[in-house]
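The structure appears below as structure tokens.
The values are calculated or read from the model by the stated rules, or taken from the named source; none is laboratory data. Everything numeric here is computed off the predicted structure, so don't read it as measured data. Don't worry about glycine lacking a Cβ; one is built from the backbone with ideal geometry, like all the others, and counts go over all protein chains shown.
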Amino acid sequence: MAARDLPAADLLPLVSALNADYARAIDDDRLEAWPGFFAEPCVYKITSADNHRRGFEAGVVYADSQGMLSDRVAALRRANVYERQAYRHLVGLPAILGEVDGAVRAETPFLVVRIMRDGTMDLFATGRYLDLLVDHGGALRFRERIVVCDSSRFDTLLAIPL
Amino acid sequence: MTTPAAPRAWPVETLARVPYWVYQDEANYRAELRRIFEGPVWNYVCLESDVARAGDYRTTFVGEMPVIIVRGEDGALHAFENRCAHRGALIALDDAGTAKRFQCVYHAWTYDLEGNLVGVAFEKGSHGQGGMPASFCKAEHGPRKLRTASLCGLVFASLSPDTPPLEAYLGEEVRRRVARVLRKPVRVLGRFVQRLPNNWKLYVENVKDTYHASLLHTFFTTFRVTRLTQGGGVVVSPDGGHHASATLDRRDDSEGAAYREQGLRADQDGFGLADPSLLDTVDEFGDGIKLQILTVFPNFVLQQIGNCLAVRQVLPKGAGAMELAWTYFGFADDTPAMHRRRLKQANLVGPAGYVSMEDGCVGGFVQRGAAAAADELSVVNMGGEGAESQETRATEASVRGFWKAYRRHMGY
Ligand code: FES
Ligand SMILES: [Fe+2]
């Protein structure tokens, strides 16, 4: 039975579990697993509420294939320079918002604390995930994940994905 | 307006040395706001398209001075301090909007689109009591006005009557390179702000520093987007303050050799992209210039990295912090394919940019590294001691140009 045919009450634990696995992969520095949470093709974008509301399409991160996601990870591992840091995601309960083009639409609030190597902990980002979820190889995956940060201002840099 | 005396003595004559106190000293920072940002310079404030129709306005800053830029009924651009003439409250509270006039929320004094005080609530009092003295003349009160000038869709503002006309201020070479990119109406694609933990000058120097680009930003070199060994050069305006650097699209197999010889981290051949569509660049300007980075003293950057176009506004926020306001744009007549290309290439820049994320932290590394070194000197010697244009990017000529202009403005 396809995910979109399940009632919202049955979807809630599935989407919650996917979000939990997604957050753990990032926070545990298993970034190589991150592209696998997406279907192919997919869209992943980090933007802000203001840009989203105004219809400005550019994001600070924009990927439309799993390849672009794994390139992001490869660049972070091999090319980009940034001070050692980690995230702690706190992901809220998803709201299941129905179906769009055969995908389940969900919206989930998040909060991310950034922990720097010197011990500084900052509230780095809050926002909501606007997701389209599909069955992909027998598992629930993101066909689209738009990360809408509440603020358009980022401190220093954004290396690790949200 | 009196300008405060320079708070310290500059320690050396040469442009090739810079004392670290210049990034730390609070009195120096306050002097910069007065002598530079509020002085005879053109500050970038917004795009013309941000204030396209009568009444459209944007709020921003000139140094730390809050300002409003607005399109008047006459179609002209006006700029004035975002400070109520009564008790000093902000007049406009939004980033942007459309207004017929501005009204301060505190006691409802009103201003027209040119920043003239036109209304004082209860000016004549109430029931014959109170009110302003008969001698109070509204025309004598108002926020400070700024001059505006625009070029190729960019709007600049200046508080000083002594600032030369914008085109003369830029010089012909830099003006031409602005026009090269901004040759038709733009369409904004996104706006983000990056808070940087460093003095504003460390970022401006970084942008002008053609030497670091392919050494710090290894994404470029790894994917062979640019190397110092590629063709290109840097143009520095005669006064030193503005610059434009260019990288020509010229590849040959020997380009990695110079990096291998130096044992540089930036040489990592054989690292390919899983999805190379990111680097699918087209020569939209038809001149083979793959990258152009341009600065206008003191606060403006225009960037063309492949097909990724953006303007960046430098906003000082105290001696040890700043904000960088990014506006990504394309052109109003972009094809869907070009639009999509720009969205993809936006990954290269901004807070998460493959080739700019390092610039977000490296200024902080200097701010922290030099924390105890106020009277020590940094070395800016690549390519000699001068600030003239050079046909190489292995030079710090445009950084020295910045110090030439800076010291002149500051009286150092
Ligand atoms: S402060 Fe603006 S009206 Fe009083
Ligand atoms: Fe840089």
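Hey, any hits in segment B:270-283 for a residue that's at positive phi and either over 21 Å from the mean Cα position of the chain (by Cα) or outside any strand (DSSP E or B) (or both)? Yes, segment B:270-283 contains a residue that is at positive phi and either over 21 Å from the mean Cα position of the chain (by Cα) or outside any strand (DSSP E or B) (or both). The set of residues from segment A:73-85 being surrounded by 15 or more Cβ atoms within 10 Å (Cβ to Cβ) and touching a strand residue (DSSP E or B) at 6+ places or on another chain (Cβ under 8 Å) comprises just one member, A:Gln85. A single entry from B:Val314, B:Val349 fulfils the requirement of being in contact (Cβ under 8 Å) with a residue 60 or more places away in the chain, under 20 Å from the mean Cα position of the chain (by Cα) and within 16 Å of ligand 2 (Cβ to nearest atom): B:Val314.
Taking every residue in segment B:98-117 that is modelled with pLDDT of 95 or more and pairing it with any residue that is of a type in the set (Lys, Arg), at least 6 positions away or on another chain, the pairs with Cβ-Cβ distances below 7 Å are B:Tyr106/B:Arg87; B:Thr110/B:Arg101; B:Tyr111/B:Arg101; B:Asp112/B:Arg101; B:Leu113/B:Arg101; B:Gly115/B:Lys145; B:Leu117/B:Lys138. Exactly one residue out of B:Leu117, B:Leu113 is crowded, with 18+ Cβ neighbours inside 10 Å, more than 16 Å from ligand 1 (Cβ to nearest atom) and away from chain A (no Cβ under 14 Å): that is B:Leu113.
Those helices (runs of 4 or more DSSP H) of segment B:155-223 in which 3 or more residues are within 12 Å of ligand 2 (Cβ to nearest atom), modelled with pLDDT under 95 and over 24 Å from B:Thr59 (Cβ atoms) occupy B:213-216, B:218-222. When B:Asn347, B:Asn381 are checked against the criterion of being more than 14 Å from chain A (Cβ to nearest Cβ) and among the polar types (S, T, N, Q), a single residue qualifies: B:Asn381. Every residue in segment B:92-110 that is touching a Lys or Arg at 6+ places or on another chain (Cβ under 7 Å) and near ligand 1 (Cβ under 10 Å from one of its atoms), please. Within segment B:92-110, B:Tyr106, B:Thr110 meet the criteria.
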